[in-house]
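The values are calculated or read from the model by the stated rules, or taken from the named source; none is laboratory data. Note that the coordinates shown come from a computational prediction; the quantities given were computed from them, not determined experimentally. A quick note on method: Cβ atoms are made from the backbone with ideal geometry, for glycine too, and the neighbour counts reach across all protein chains shown.
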Amino acid sequence: MSFWDALRALAGDGAVVWGLLAAAALVLVLTPLVGRLAPHIGGLDDSVDRPRVHTGPVPRIGGLAIVAGILVPAVLFVDLDGTYTGILLGVLGVAALGLVDDLRGVRPSVKLAGVTLLALVPVVGYELTIDHITLPFVGDHDLGWLAYPLAVAWIAGVANLVNLIDGMDALAAGIVAIAAAAFAVLAASFGRMEAAALAAIVCGATLGFLRHNYHPAKIFMGDSGALALGFLIAALALDGLFKTAAAITLVAPMLVLAVPILDTSFVVLKRLKYRRPPWGADHNHFYHRFLRIGLSQRRTAAYLHVWAALLAAYAIFARFFPPRPEGSWDLERALLLGIAGVFVIGASVWMVYSLEILKRRHLELLRLRRRPDPQEDAPEEAVERVLSAGRH
């Protein structure tokens, strides 16, 4: 199926079109109502529980509107037999856990354990697993019993990735909208239209929420929204992509979710480097670094959204222009994919260099010009002490 065939399949599928529109409309209407409810049930973000980039109390239970905006169209437009029932039950459970955290507070370790247990609902109860993987030059391999723990780890991991990047206006909602749109196209290309419809519904819900979440945000999605969206987008990748035999299905989800994966990996490694708990909070996320170098919140969100969209576009390009379309190498396709890959890698390197994640001394070390000077780390260590000071 070509790219244009996939788009035509999406546009011609009533569940995709009406599901997206219904989700967007519901979230647009419900979000202000949830915002009015927040002060009465303790659902305000007052900036004291963890580092934030806003000032003043803001409702943080917008996830209720998002989850409702997803569940209602899903019930109406998606065939809920089998796997999708398990996915939506898991989403409901994770949203409830996130809401408790938004209102009362839950320890990170307890929250992670809860999300992991809830991932068992679709994985064990409804057989949502990674049955096999296809590797270039190696072939297709059955994972056997490993399919279950890998699927649980994937769902729990992505749910927490999305939750961790939800610290700035519009950032998490925009990245999930981009990921959902990419997954809808990819799922349609493999003929998995139910997964494509659910991905379109997620895209519509997040786009509707962005109307109220752009800076200055009137409401945040909170853990009830971020955990639920991460859980759902991970499950969609499993059902819509990982279950197919094409090699791109292993790489595409990693590319589509590369920004939150890179962000969390960098932050966790940074915390471990300075002997701090990996689940703690600080000001080292990508968006914090953009703000520190002088960008506005809107511009920061735009940069990160463009980066995510670029990586997602490359995943889609690799799906429709594979270097081995019929099992044999196509030189022209391979060159096009390689050139596009160099551009994407270059843009990503520029991004991390601009954020001072990749420093000049790292490049010097790679060029073997000189040994790194330990004294260069002293100012950075002082900054880390400042950023990690106070209650998190």
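All of (1) at pLDDT below 90; (2) closer than 18 Å to residue 170 by Cα hold for residue 35 with one exception: (1).
Taken over the range 133-156, the criterion of being farther than 18 Å from residue 268 by Cβ and at pLDDT 90 or above is satisfied by 148, 149, 150, 151, 152, 155.
Of the residues 177, 184, 153, which is in contact (Cβ under 8 Å) with a residue 60 or more places away in the chain and either assigned to a loop (DSSP other than H, G, I, E, B) or of a type in the set (Gly, Ala, Ser) (or both)? Don't jump to the end; show me each part of the working.
On the way: 177 fails: in contact (Cβ under 8 Å) with a residue 60 or more places away in the chain; 153 fails: in contact (Cβ under 8 Å) with a residue 60 or more places away in the chain.
Within the list 177, 184, 153, the selection yields 184.
If you take the residues of the range 169-194 that are out of contact with any Leu (no Cβ under 8 Å at 6 or more places or on another chain) and within 30 Å of residue 290 (Cα to Cα), which of them is surrounded by the most Cβ atoms within 10 Å (Cβ to Cβ)? Per the criteria, the residue is 182.
Could you tell me whether residue 159 is touching an Asp or Glu at 6+ places or on another chain (Cβ under 6 Å) and either outside any strand (DSSP E or B) or modelled with pLDDT under 95 (or both)? It would help to see each step written out before you state the result.
Working: touching an Asp or Glu at 6+ places or on another chain (Cβ under 6 Å): no; either outside any strand (DSSP E or B) or modelled with pLDDT under 95 (or both): yes.
It is false that residue 159 is touching an Asp or Glu at 6+ places or on another chain (Cβ under 6 Å) and either outside any strand (DSSP E or B) or modelled with pLDDT under 95 (or both).
Of everything in the range 6-20, what is crowded, with 16+ Cβ neighbours inside 10 Å and closer than 12 Å to residue 73 by Cβ? Give them in sequence order. Let's see the steps before the verdict.
Step one: of the range 6-20, the residues crowded, with 16+ Cβ neighbours inside 10 Å are 6, 9-10, 13, 15-20.
15, 16, 17, 18, 19, 20, listed by residue number.
Looking only at the range 61-72, decide whether some residue is over 20 Å from the mean Cα position of the chain (by Cα), in a helix (DSSP H, G or I), touching a residue at least 24 places away in the same chain (Cβ under 8 Å) and closer than 17 Å to residue 201 by Cα. Yes, the conditions are met somewhere in the range 61-72. Only one entry in 124, 94 is part of a helix (DSSP H, G or I) and closer than 24 Å to residue 221 by Cβ, namely 94.
Regarding residue 102, is this residue among the charged types (D, E, K, R) and more than 16 Å from the chain's Cα centre (by Cα)? Steps first, answer last, please.
Values: among the charged types (D, E, K, R): yes; more than 16 Å from the chain's Cα centre (by Cα): yes.
So residue 102 fits the description; yes.
Restricting 235, 200 to residues that are within 16 Å of the chain's Cα centre (by Cα) and closer than 27 Å to residue 100 by Cβ narrows the list to 235.
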